[in-house]
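Notes follow the structure.
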Amino acid sequence: MIVFPAIDLKDGKVVRLLQGRMEDATVYSDNPVEVAKGFVEEGAEYLHVVDLNGAFEGQPVNDKIIGEIVKNVSLKVQVGGGIRTLSRIEELLEIGVERVILGTIAVRDPELVKDAVQRFGGEHIIVGIDAKDGMVAVQGWAEKTNVLAVELGKKMQQIGVKRTIYTDIARDGMLKGPNIESTVKMAKETGLRVIASGGISSLDDLKRVKEEATSGVAIDGAITGKALYAGAFTLKQAIDVMHK
C-alpha cells in the first residue's frame, strides 16, 4: 500500500484548496522542492503533483518547478492538471515524470486516452476520476457532467487504462474522511486499480483504506495532502500504518 503525499502547485507555490476552489487556496510553502525533500526524509517513494494553473487555465506554468523536483528528489512523481494532448504527455515523461494523470480529456476525448495508453504504456497513464454526487466533474472540478463516475471507469478500463485516482470532491480538503464506499465501488465495478483521494483526515482513515485492500479490493493506496500540512499526522506515521 502506497502513501502518496500531495503537492498542489499554484504559481510555483505549494497550496491546498477547499473542494477544488481556486479562491480558497492556502499557501503552505513557496519552495516545492524542499517540501518534496522533506517527504523523502520521512520515507516517501511516490509524490502526487497537481498543476492547478494547468487544471483551471489549460496552460501549464509549473513545468520548471516539476522538473526541479524530478531532478533533485528521489521520488517517483505522478503529475496531473490540464493535460489534454499527446505532446503534453510526452513533455512530462521526457522531464522524468513517472505517471501522467488524465482527467477532463477522459470525458472529452477518450480516444486520446486510448492512444496515450498504446503509445506510452498503461503503467505511465492514470485517469483521474473526480466526482460529485457520483457524477464526474471536469475543468478543475468547475463543471459537473452527466457522466456517472463508475461508467467512465468502466469505459477507461475497456480501452486499456489500468489505474484511476478516485476523488470525491465534496470530501477534498475538508478533513472529513474519504468516501470509502464509493472508492470500493469504483474498484469492484470497473476492474481498475484505485488510488483513494479526497478527505483523508486521520490515521484511522488510512487504516480503513488498507482494510479494504487487504480484503481483496483493488486499492493501491491513498493520496494525502491537507492532513499532512495541518499536522494531523506525519508522513512517516502514515507510511507505517499502510505498511504494517
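For the subset of segment 218-244 comprising residues that are touching an Asp or Glu at 6+ places or on another chain (Cβ under 9 Å) and under 17 Å from ASP168 (Cβ atoms), which member is modelled with the lowest pLDDT?
Going through the qualifying residues, I end up with LYS226.
Applying the selection to segment 1-23, what residues are assigned to a strand (DSSP E or B) and of a type outside the set (A, V, I, L, M, F, W, C)? Let's see the steps before the verdict.
From segment 1-23, those assigned to a strand (DSSP E or B) are 2-10, 13-18, 21-23; that's our starting set.
PRO5, ASP8, LYS10, LYS13, ARG16, ARG21, GLU23 - these are the residues of segment 1-23 that are assigned to a strand (DSSP E or B) and of a type outside the set (A, V, I, L, M, F, W, C).
Name the single residue, out of those in segment 175-202 being touching a Lys or Arg at 6+ places or on another chain (Cβ under 8 Å), more than 16 Å from LYS162 (Cβ to Cβ) and surrounded by fewer than 22 Cβ atoms within 10 Å (Cβ to Cβ), that is modelled with the lowest pLDDT.
Top of the filtered list is LEU175.
For a quick check of your reading of the model, give me the residue pairs whose first member lies in segment 39-51 and is free of Cβ contacts under 8 Å to residues at least 24 places away in the same chain and closer than 14 Å to VAL70 by Cα, whose second is of a type in the set (D, E, K, R) and surrounded by 16 or more Cβ atoms within 10 Å (Cβ to Cβ), with beta-carbon atoms closer than 6 Å and at least 6 apart or on different chains.
Filtered contacts from segment 39-51: no entries.
How many residues, within segment 192-244, are over 16 Å from the mean Cα position of the chain (by Cα), of a type in the set (Ser, Thr, Tyr) and within 23 Å of ILE126 (Cα to Cα)?
Selection size over segment 192-244: 1.
Does ALA44 qualify as being at pLDDT 95 or above, in contact with a strand residue (DSSP E or B) (Cβ under 8 Å, 6 or more places away or on another chain), surrounded by 19 or more Cβ atoms within 10 Å (Cβ to Cβ) and in a loop (DSSP other than H, G, I, E, B)? Even if it seems obvious, please write down each step before you answer.
Working: at pLDDT 95 or above: yes; in contact with a strand residue (DSSP E or B) (Cβ under 8 Å, 6 or more places away or on another chain): yes; surrounded by 19 or more Cβ atoms within 10 Å (Cβ to Cβ): yes; in a loop (DSSP other than H, G, I, E, B): yes.
Yes, satisfied.
From the set of residues in segment 52-82 that are among the hydrophobic types (A, V, I, L, M, F, W, C) and modelled with pLDDT under 95, which is surrounded by the fewest Cβ atoms within 10 Å (Cβ to Cβ)?
The qualifying residue surrounded by the fewest Cβ atoms within 10 Å (Cβ to Cβ) is VAL61.
I'd like to verify a number: residues in segment 47-77 that are touching a strand residue (DSSP E or B) at 6+ places or on another chain (Cβ under 7 Å) and of a type in the set (S, T, N, Q), how many?
Residues flagged as touching a strand residue (DSSP E or B) at 6+ places or on another chain (Cβ under 7 Å) and of a type in the set (S, T, N, Q) within segment 47-77 amount to 2.
If I ask for residues that are at pLDDT 95 or above and touching an Asp or Glu at 6+ places or on another chain (Cβ under 9 Å), which ones from segment 16-35 would you list?
PRO32, VAL33, listed by residue number.
The values are calculated or read from the model by the stated rules, or taken from the named source; none is laboratory data. Just so you know, these numbers come straight off a predicted model, no measurement behind them. Every residue, glycine among them, receives a Cβ derived from its backbone with ideal geometry; neighbour counts consider all protein chains shown.
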